[in-house]
Amino acid sequence: MSERLIKMQIPVILTAIIGLLMIIEFFFPMPAPVTSLNVTLRSFVTIISAAALILGTIVLTIYHSKKIGTRKSEWYYSIVYVLAFVFTAGLGVLDVRNTTFLWIYNNMTSPIGAALYSLTAFYITSAAYRVLRARNWNSAVLLVCALIVLLMLIPIGAILFPPVLPLGTWIRNIPSGAGFRGMIIGTSLGIMGLGVRVFMGRQKEHLGIREERRAPE
Amino acid sequence: MTLIVEGRLVGLLTIVVIAGSIIYYMQRAYSGKIPKLRRLQAVDVIEEILGRCVEMGRPAYYLMDTVTMDNPSVLAPTVAAFQILAHTARRAAHLGSKFFVPVTQGLAYTIASEVVDEAYRAENKQDELKLDETVMYLPDGADRMYIINHMWSDEMAGAFFLGSWYHKAVIFTENAARVGAMMLGGTDTTHNIPFLVAICDYSLIGEELYALGAYVSEDPTVSSSLAGQDIGKFIAALLIVLGSILITLGMSIKGLFSM
């Protein structure tokens, strides 16, 4: 089979057929074999994702091993990665219910993740300070609205200035709600357009496919 | 046995009408009738950011945040982000800008590698590409510290925040702003649009993320599909007005949606 057929036509045809099958199943009552086929196809996503995860991990390990070998900058961090990977993956492969493996996940990976997530609070505060400045009329409106909603949400706000409750609720439900609905309608139309273009095989850059290639200079 | 699953008739009709109008405009473009499209500012911004990176000799970061492609709500913006990545990577290759694409999911990593590799090949600059350093798989969780650390050590001059963005939108954009990078942000995740709009120098709001992918495709039949989407907007506007009038008159239209 030619490279063009394998790399360009088969992925596009498969995308269109499987995508249409899913849409048809959503709108029309289908016989059991078709529904069962669709369930199997959906489970392929998990399998392919798992395979790609292994590939990604292998590539990352090769990258860090090379970095150690060539003594690139900060190569010592790569040693930490390789050792941690070999130790944790080894324990997991031997027995996924191994208590040491679970201990590493529950007491190291999870708390680190939670700690990093909590950074968001500080960055939001810092970002709010940067953004909420009355530089022009637009930002002044944003500042006033943000202050009203903030006062509405904190317990002391309503005690200090009771009108913030109805005002804040109005801002969230009417101008903000209307704006968000408009965005959602636009986004849904954008997704539909993307779907049509992908199913028709007109847009395939996301597959790493670009039909024309510039001739060597 | 019913022909259509109960409650989905209106949805089916909507898809048929909108998809039909998109296909109609694409077919029309084949015969040379190309609709006039507003030029998206983001197209020029991509050039501007990459040009700045070249002038300063510093890298541009292309970040996509959540790329779990088995999640339907993440899949669409991720595919759109890959389409823009194809264009951006090609422009980066053409201009000679350093480029870094960290990805947090295996499947997305393989796609991003392929997209970037193809972009450099298209420019005949594959010799300049170190794929394992340009596209890097960073497991979710480890990515935040690695990216923030490298944003500072690389002194990146430009950043793209496109795709499905959640809480990392604030973490990364705030750091990029402190580093002094020029930023283009765009997402369809409604609760994070405000952060990207407020912090980034330029932004794509909701639908523009999908439109940009079509706009930069260099294929007039693809960009013409955007005119078909506008038909959907007209229908939506008409239905909103009609619905408001009917509700004001005390007539409920809820029954329509259970057909």
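Observations, loosely collected:
- Of the residues A:Thr125, A:Thr99, the single one that is loosely packed, with under 14 Cβ neighbours inside 10 Å, at the interface with chain B (Cβ under 10 Å from one of its Cβ atoms) and either over 19 Å from B:Ala142 (Cα atoms) or of a type in the set (A, V, I, L, M, F, W, C) (or both) is A:Thr125.
- From B:Leu3, B:Leu63, B:Leu12, B:Leu40, residue being facing another protein chain (nearest Cβ under 10 Å), surrounded by 15 or more Cβ atoms within 10 Å (Cβ to Cβ) and not hydroxyl-bearing (Ser, Thr, Tyr): B:Leu12
- Residue count for segment B:1-49, restricted to those that are of a type in the set (Gly, Ala, Ser), under 30 Å from B:His94 (Cβ atoms) and either at pLDDT 90 or above or not in a loop (DSSP other than H, G, I, E, B) (or both): 2
- Unique residue being aliphatic (A, V, I, L, M), more than 8 Å from chain A (Cβ to nearest Cβ) and touching a residue at least 60 places away in the same chain (Cβ under 8 Å) when the list is B:Ala227, B:Ala237: B:Ala227
- Qualifying residue in segment B:175-189 (condition: facing chain A (nearest Cβ under 8 Å) and among the basic types (Lys, Arg)): no
- Among (1) surrounded by fewer than 18 Cβ atoms within 10 Å (Cβ to Cβ); (2) at pLDDT below 85, the one test that B:Ser217 misses: (1)
- Residues of segment B:182-226 that turn out to be out of contact with any strand residue (DSSP E or B) (no Cβ under 7 Å at 6 or more places or on another chain), under 14 Å from B:Ile84 (Cα atoms) and hydroxyl-bearing (Ser, Thr, Tyr), as a count: 4
- Residue check, B:Leu138 under 19 Å from B:Met156 (Cβ atoms), at the interface with chain A (Cβ under 8 Å from one of its Cβ atoms), touching a residue at least 12 places away in the same chain (Cβ under 8 Å) and crowded, with 17+ Cβ neighbours inside 10 Å: yes
- Test for A:Thr88: is it among the β-branched types (Val, Ile, Thr) and within 18 Å of B:Tyr137 (Cβ to Cβ): yes
- Residues located in segment A:129-139, provided they are loosely packed, with under 15 Cβ neighbours inside 10 Å and either within 10 Å of B:Glu174 (Cα to Cα) or under 27 Å from the mean Cα position of the chain (by Cα) (or both): A:Tyr129, A:Arg130
- Just one of the numbered conditions (1) farther than 21 Å from B:Gly51 by Cβ; (2) in contact (Cβ under 8 Å) with a residue 60 or more places away in the chain is not true of B:Met251: (2).
- Considered as a group, the residues in segment A:36-70 that are closer than 21 Å to A:Ala84 by Cα and hydroxyl-bearing (Ser, Thr, Tyr) include one that is nearest to the other protein chains (Cβ to nearest Cβ), and that residue is A:Tyr63.
The values are calculated or read from the model by the stated rules, or taken from the named source; none is laboratory data. These figures come from a predicted structure and were not determined experimentally. No Cβ is skipped: glycine too gets one built from the backbone with ideal geometry, and neighbour counts run over all protein chains shown.
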